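Below is one structure, written out as structure tokens; the observations come after it.
The values are calculated or read from the model by the stated rules, or taken from the named source; none is laboratory data. This is a predicted model, so every value here is computed, not measured. Counting neighbours? That spans all protein chains shown, and the Cβs are built from the backbone with ideal geometry, glycine included.
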Ligand SMILES: C[S@@+](CC[C@H](N)C(=O)[O-])C[C@H]1O[C@@H](n2cnc3c(N)ncnc32)[C@H](O)[C@@H]1O
């Protein structure tokens, strides 16, 4: 190997380690430090700084980075939700987005909801800065969207107020008992016949991918691993009852979209 190639390999290695370190510090690392301090008991204590600090939000929310984190499945996952919404009759109905997310999922979902006839879209997040950031992506639609600071696990909204609810990669970040509470709330807020579109990680089929994915969760997001077994969202919904569920997996089973209709 010549010097030029050696330098290239070294630079790539350094870049990957630095990126991994950065993400560790602004996600799990920060929660570990928070756990040692007095600030660990609030309803926001599970939220990573990457979602609460505006500078970090703006630094990270760059579509190619976000797509890469989801192994370039982001577009397909969002498209599945978008097509589900566009096939629904949402005329004069309300659509809920439970928690903000990086990338273009929010503008795409809002556009799809309005295309399907929705009169309003409610975007709920526990962090004010996330809502402010989401608002900055929705210039064209802001008159049709309400931004609401609330907790997905105990919402202020009344029963049955929406006809569709999109939850994009929230569950894997919630403490386990709150995962079930968030699903209960999703059901409470939906009108009968309404649909929940849930995007999440899923247990991959190939062993190599499963091992890599397991390592990722152990290092960065340990709360996500139970989605593979004890807190599989489809099984949780079936245990709660009153849902008809359909699951589509992506990328060798590494991701899933659950479309659940409230009976
Ligand atoms: C949906 S998840 C992560 C999505 C995914 N990793 C991404 O951005 O592509 C992150 C969002 O959930 C929000 N969040 C976390 N816990 C919440 C809760 N209990 N209620 C409402 N929003 C919550 C965070 O503030 C953040 O905006």
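The table below gives the values:
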read-out: Residue 128 being without any contact (Cβ under 8 Å) to a residue 24 or more places away in the chain and either within 12 Å of the ligand (Cβ to nearest atom) or closer than 15 Å to residue 51 by Cβ (or both); value: yes
read-out: Filtered residues of the range 115-125 (kept if in contact with a helix residue (DSSP H, G or I) (Cβ under 6 Å, 6 or more places away or on another chain) and surrounded by 18 or more Cβ atoms within 10 Å (Cβ to Cβ)); value: 116, 121, 123, 125
read-out: Test result for residue 237, touching a residue at least 24 places away in the same chain (Cβ under 8 Å), buried (at least 18 other Cβ atoms within 10 Å of the Cβ) and either under 27 Å from residue 187 (Cα atoms) or in contact with a strand residue (DSSP E or B) (Cβ under 6 Å, 6 or more places away or on another chain) (or both); value: yes
read-out: Residue check, residue 104 buried (at least 16 other Cβ atoms within 10 Å of the Cβ) and out of contact with any strand residue (DSSP E or B) (no Cβ under 9 Å at 6 or more places or on another chain); value: yes
read-out: Index of the failed condition, residue 86 passing every other in (1) within 16 Å of the ligand (Cβ to nearest atom); (2) surrounded by fewer than 19 Cβ atoms within 10 Å (Cβ to Cβ); value: (1)
read-out: Cβ-Cβ under 9 Å pairs, at least 6 apart or on other chains, the range 64-92 side within 15 Å of residue 261 (Cβ to Cβ) and touching a residue at least 60 places away in the same chain (Cβ under 8 Å), far side in a helix (DSSP H, G or I) and within 16 Å of the ligand (Cβ to nearest atom); value: 81/105; 81/108; 81/109; 85/109
read-out: Members of the range 146-166 that are under 19 Å from residue 78 (Cα atoms) and either within 16 Å of the ligand (Cβ to nearest atom) or out of contact with any strand residue (DSSP E or B) (no Cβ under 9 Å at 6 or more places or on another chain) (or both); value: 165, 166
read-out: Top-ranked residue in the range 126-145 [being exposed (fewer than 13 other Cβ atoms within 10 Å of the Cβ) and under 19 Å from the mean Cα position of the chain (by Cα); ranked as farthest from residue 98 (Cα to Cα)]; value: 136
read-out: Every residue from the range 30-51 that is in a helix (DSSP H, G or I) and surrounded by fewer than 16 Cβ atoms within 10 Å (Cβ to Cβ); value: 32, 33, 35, 36, 38, 39, 40, 41
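Residue-wise test of (1) over 20 Å from residue 101 (Cα atoms); (2) touching a residue at least 12 places away in the same chain (Cβ under 8 Å); (3) within 14 Å of the chain's Cα centre (by Cα); (4) crowded, with 20+ Cβ neighbours inside 10 Å.
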| site | (1), (2), (3), (4) |
| --- | --- |
| 165 | no, yes, yes, yes |
| 194 | yes, yes, no, yes |
| 220 | no, yes, no, no |
| 231 | yes, yes, no, yes |
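Table: residues versus (1) in the same structural domain as residue 132 (by TED's automatic domain parsing); (2) surrounded by 10 or more Cβ atoms within 10 Å (Cβ to Cβ); (3) away from the ligand (no atom under 15 Å from the Cβ); (4) more than 23 Å from the chain's Cα centre (by Cα).
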{"site": "2", "(1), (2), (3), (4)": "no, no, yes, yes"}
{"site": "6", "(1), (2), (3), (4)": "no, yes, yes, yes"}
{"site": "9", "(1), (2), (3), (4)": "no, yes, yes, yes"}
{"site": "13", "(1), (2), (3), (4)": "no, yes, yes, yes"}
{"site": "16", "(1), (2), (3), (4)": "no, yes, yes, yes"}
{"site": "21", "(1), (2), (3), (4)": "no, yes, yes, no"}
{"site": "28", "(1), (2), (3), (4)": "no, yes, no, no"}
{"site": "58", "(1), (2), (3), (4)": "yes, yes, no, no"}
